[in-house]
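Only one structure is covered here, and it is reproduced in the block below.
Please treat every number below as a calculation from the coordinates, not as lab data. Just so it is clear, the model here is predicted, and its values are computed rather than measured. Cβ placement follows ideal geometry from the backbone for every residue including glycine, while neighbour counts extend to all protein chains displayed.
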Amino acid sequence: MVSTHRAELGDFLKARRAQVTPEEVGLPPGGRRRTPGLRREELAQLAGVGVTWYTWLEQGRPINVSGQVLDAVAGTLRLTDPERAHLYRLAEATPLRPRSGVCASEPVLTEILTALDPLPAVITNTRFDIVKSNDAFSDLFHDWHTLPCVHKNLLWCIVTEPLARQQLLNYEDEVPYLVARLRTAYGEHIGDADWEEDLARLRKLSPEFAELWARHEVTDCTPRPRHVVHPTAGELHLTVTELSVPAHPDLVMFVETPTDALTRERLPLTRRSLEPAEA
């Protein structure tokens, strides 16, 4: 039987193979092709592996896979570093990242988030479930949570909440990035009941997510722009920075900083209420 990891590996390889053109690897176009990208036999030849062996790899058969062979396949597919790491995880050729049994205490995380205010900041798990956020973040994105949610989740709110789609100006860049980050994290949670249930539900709710998920794109975290139109503050330009929480590998902190003076000036206008000053 094909294991879940190996099935995912096969889908990933097929998706990446379809994105490499013959011209990119020095092959002639070769006339009309039934499918885009390289043929299996072409990839096998370029990687220096047997066609039958590579076919079995894409079919998810339980064959032995060495690091040297995976490197050859990764090089032929022109995989990025995060894609190469994802390939190794799916092939179960490298150990999973060790997890720490010690988690930062909730009061400490709350204090850190509070100290970052007025910068919007939130802590999520690698599935983007919101674990804790500061008031600045809750105020800025309050309108993105008008629909009932199974749980508060950054990605769910963006792809299912109409107001989020309207207010996030660089939606077309942000959503594929978040899905690729989710796919990267999924490599360590394949078969996990909670993950599988959430992914199945989100694919059903959002055809857009289902299409992006089927691309098998993975990526590392990187600082990125977020352009938002707020109903009170107007247009805001922010940089999103992801920070790891060393005591807990499954947690990520997102901090949003203004990229220009006008955004910094307008940011206080996003606050829904201000605490009265003490006498």
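Residue by residue through the stretch 220-227, which ³J(HN,Hα) values in whole Hz follow from phi under the Karplus form 6.51 cos²θ - 1.76 cosθ + 1.60 (θ = phi - 60°), with glycine and proline marked x?
Result, rounded to whole Hz: 7, 6, 8, x, 8, x, 9, 10.
Give the cross-link partners of Lys14 among the aspartates and glutamates, using a straight C-alpha distance below 19 Å as the criterion and excluding same-chain residues fewer than 8 apart.
Partners within reach: Glu23, Glu24, Glu41, Glu42, Glu58, Asp71, Asp81, Glu83, Glu92, Glu211, Glu217.
Which of the peptides 111-124, 63-76 is most tightly packed, and how do the rest follow, judged by the mean count of other Cβ atoms within 10 Å per residue?
111-124, 63-76
Under 16 Å from the Cα of Lys152, which lysines turn up, not counting those fewer than eight places away in the same chain?
Cα-Cα hits under 16 Å: Lys132.
Quick one: Karplus J couplings for the stretch 256-261, per residue in order, coefficients 6.51, -1.76, 1.60, θ = phi - 60°, nearest Hz, x for Gly and Pro?
10, 10, x, 9, 8, 5
Over the stretch 130-279, what relative contact order in percent results from Cα pairs under 8 Å that are six or more residues apart?
About 20 percent, as a whole number.
Per DSSP helix of 4 or more residues, -39500 (n - 2.57); summed, then divided by the residues of the chain. What does that give at 222 nm, rounded to the nearest 500?
Computed mean residue ellipticity for the chain: -12500 deg cm²/dmol.
With +1 assigned to the C-beta of every Lys and Arg and -1 to the C-beta of every Asp and Glu, and no other charges, what is the dipole magnitude of the stretch 4-90 about the Cα centre in debye, to the nearest 20?
Details: 13 positive and 10 negative charges, 61 e Å.
It works out to roughly 300 debye.
List the residues, sorted by chain then number, that are 5 or more residues from Val131 or on another chain and whose placed amide H is less than 5 Å from its amide H.
Result for Val131 returns Ile123, Thr124, Asn125.
Of the labelled options (1) 12.8; (2) 18.4; (3) 15.8, which one gives mean projected area of the Cα convex hull in nm² as computed for this structure?
Step by step, mean projected area of the Cα convex hull in nm² for this structure corresponds to label (2).
Taking springs between alpha-carbon atoms closer than 10 angstrom, which of His145, His248, His230 fluctuates most in the Gaussian network model of the chain?
The residue that fluctuates most here is His248.
Label-point separation (nm) for Glu196 and Ala7, each offset 7 Å from Cα along Cα-to-Cβ?
About 0.7 nm separates the two model spin labels.
Suppose every Lys and Arg Cβ carries +1 and every Asp and Glu Cβ carries -1, with no other charges. What dipole size does the chain come out with about its Cα centre, to the nearest 20 debye?
Dipole size: approximately 1180 debye.
What percent does the relative contact order of the chain come to when contacts are Cα pairs within less than 8 Å and at least six residues apart?
The normalised contact order for the chain reaches 17 percent.
Which Cα, out of Thr257, Leu119, Gly10, lies furthest along the positive dipole direction of the chain (beta carbon charges, K/R +1, D/E -1)?
Gly10
What are the trypsin sites (Lys or Arg not before Pro) within the stretch 206-279 that DSSP puts in a loop, where the Cβ has at most 12 other Cβ atoms within 10 Å? Mind dumping the intermediate values first?
On the way: sites: Arg215, Arg226, Arg264, Arg266, Arg271, Arg272; in loops: Arg215, Arg271, Arg272.
The qualifying sites are Arg272.
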